[in-house]
Structure formats: structure tokens, C-alpha cells
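Derivation of every value follows stated rules applied to the coordinates shown; laboratory data play no part. Here the structure is a predicted model, which means the values were calculated and not measured. Here the Cβ positions follow ideal geometry from the backbone for every residue, glycine too, while neighbour counts run over all protein chains shown.
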């Protein structure tokens with residue numbers, strides 16, 4: 001709480017002087033002579049007489065509230081506007097049938113795709129522990145199997161991300177859509193990042209003048225080698241390097257592949273050998289673009305990788321602080337008016353004097 005005109009509060013010092021002057025001016029008040037007053041004195045004062053000071057107190061309280069109202073009390077609320085610098089992040093996620101292999105995640109058995117989706121959602125939205133969220137960053141997502149497709153365009157509005165992630169499904173084994181088109185997916189992601197400024201301008205007109213995209217990052221996650229697509233990962237990485245896009249490549253692998261198989265007799269675990277991802281190509285892609293290569297053998301290591309990426313790609317956020325004030329003149333003036341009305345009502349009824 002603050003006062004726009006604090007010098008008006010000096011008038012409060014005049015209230016005691018006003019009370020003294022009024023008391024002196026009024027004197028002892030009207031009187032009627034009696035020959036014998038001993039019995040009247042012995043009777044004492046009534047309750048109404050003892051409370052006769054209330055109208056006068058109400059008047060001086062009203063004057064005090066009016067002085068406070070004239071000083072214009074204001075309540076300030078600090079507002080912080082952030083996000084004038086951020087990072088454009090494109091997640092490139094493998095959804096081929098090999099991602100059906102399962103792993104333990106927080107006491108649950110989930111396939112690799114489900115684990116990756118949950119960890120990525122925590123990376124963007126925050127998990128309340130180690131991951132703080134990417135509230136100031138443009139985030140988009142591309143999934144791929146035999147061909148790439150845009151799941152979520154680059155956006156600052158991350159609230160709809162969980163719904164977009166729900167649409168990502170594993171490709172059916174041995175179907176036309178199955179495969180691993182890493183190069184085509186990377187090329188599409190690079191194109192999306194290249195035009196990130198235009199995307200931001202369409203979403204928030206005028207934001208391009210106050211929002212700086214500090215860097216552009218692609219997070220590639222796959223568990224296999226290129227088996228489909230027209231463009232090789234090396235060609236796509238060259239495009240990303242020319243456009244100033246860093247690639248963080250994550251290879252998901254394990255010693256053996258474990259999947260749940262539904263049969264007539266119930267669900268069983270099926271074990272088999274896991275195909276090894278092409279770590280050499282992925283490492284070359286990452287280092288060639290200024291990024292980093294990671295190997296995730298389980299859900300815990302995958303979470304650690306996202307924490308490291310989160311710490312590596314952080315913006316310096318400049319906050320603009322300002323105060324938004326709300327005027328409180330009216331409540332104080334209204335309270336003073338109510339006290340004056342109450343004083344008049346009491347003087348005309350309960351505390352009415354004759355003469």
C-alpha cells in the first residue's frame with residue numbers, strides 16, 4: 001500500500017486540535033436549575049448518557065477516513081514480463097515398430113515410445129524436480145517411421161503438447177509406414193527451424209521485434225539405422241549445419257529386446273536381440289553441427305540426458321518489472337460517508353437532545 005499524495009496525511013494532525021476547539025466552543029452545554037440535585041446525582045448516568053460520545057467519535061473517524069482518501073491510497077501489484085529471449089527446439093522422434101521394446105519407467109513397464117513421450121513432456125513442461133520446463137522456448141515435434149510428419153508446429157503455447165503427444169503411435173510392423181527415415185525427418189525439422197522467426201511472427205504479431213531466438217536446436221531420438229527415405233542423415237546434417245542448427249542425437253538401445261505379446265492365453269513377455277543403432281553416424285551428425293551425442297540404455301539414463309540438454313540449452317532471461325496500482329480512494333470515502341450517515345441517524349434518534 002502506498003499514497004499518491006502523502007502530504008495530505010498532515011491534515012490528520014489537525015484532528016486533535018479540532019476536537020479541542022469544538023469542546024471549548026461548546027462549553028458545558030445547556031442546563032436547567034433545580035433546587036435539590038442530590039437524588040439525581042445518586043441515580044447515576046443511564047446507558048444512553050454513557051454512550052453519548054459515540055456520534056462525536058463517528059464524526060472524527062469519518063474525517064480521518066476522508067483525509068486518507070484525499071491522500072489517494074494505492075495498492076501495487078508487481079508484474080514480471082519475461083520471455084524476450086528463447087530457444088527454438090524441434091523434437092524428432094522415431095516411432096518405428098522397433099520402439100515397441102519395453103523398459104522400466106518409474107515402476108511401470110512401458111515401451112520406448114511411451115517413455116520418450118513422458119520424458120519429453122517433462123522436459124518441456126517441467127517435472128517439479130530437476131526439469132524446470134521450457135516456458136520461454138519455441139517447441140515443436142516431428143515423428144517419423146517410413147516417412148516424417150509434423151506432430152506439433154513450433155509454438156510458445158505448450159499447454160496442448162500432451163494432446164499432440166497422444167496422437168503419436170507406433171508404426172505397425174511390416175507395414176508400408178514402418179521404417180526409419182532419419183534423414184527425411186531431420187531435413188523437415190531443419191526446414192521448420194529455419195523459418196522459426198516467421199512462425200513466431202504469425203503466432204504473436206509484433207513479437208519478432210522483442211523476442212530473440214538465441215539458438216536453434218534439434219533433438220533426434222532413434223533406436224535404429226536408416227532404412228527408408230530419400231535423404232541420408234549426413235545430407236540432412238549438412239543442411240542443419242549451414243542453417244546454424246545444433247543436433248543433439250540420442251541413440252536408445254539395450255542388451256536385449258523385450259516386448260509384451262497378447263495371446264489367447266494372456267499377455268507374455270517376448271525376448272529377442274535388439275538391433276543396434278548406427279551410433280557412428282549419429283555421433284558424426286551431432287559433433288558436425290556443434291551438438292552432442294548420447295547413448296540411452298534405460299529410462300533413467302534417458303532422463304539424465306534430457307537434464308543435461310536442459311542445462312546446456314538455457315536462455316538468459318531478462319525480466320521487465322513494473323508496478324500496476326489499484327486506487328483505493330472510493331472505499332475510504334464511502335466508509336466516511338457511511339459513518340457520517342450513522343452519526344446523523346443516531347443524533348436524530350437514540351441520542352437526540354432537547355433542547
How many nm is it between the label spots at residue 283 and residue 352, if each spot is 7 Å from the Cα in line with the beta carbon? 10.2
Here, residue 333 and residue 191, labelled 7 Å along Cα→Cβ, have an inter-label distance in nm of 6.3
At what distance in nm do the modelled label points of residue 166 and residue 326 sit from each other, each positioned 7 Å from its Cα along Cα→Cβ? 3.6
Listed peptides 231-237, 104-110, 177-183, 284-290 by packing density, highest first (mean Cβ within 10 Å): 177-183, 231-237, 284-290, 104-110
Here FRET efficiency (C-beta to C-beta, residue 242 to residue 202, R₀ 35 Å, nearest 0.05) is 0.90
For residue 175 and residue 308 in the same chain, what is the full-extension length gain: residue separation times 0.36 nm, less their Cα-Cα distance, in nm? 44.3 nm
Calculate, in nm to one decimal, what residue 4 and residue 295 gain on full extension: separation in residues at 0.36 nm each, minus their alpha carbon distance. 98.6 nm
With the convex hull built on the Cα atoms of segment 115-210, state its orientation-averaged projected area in nm². 7.2
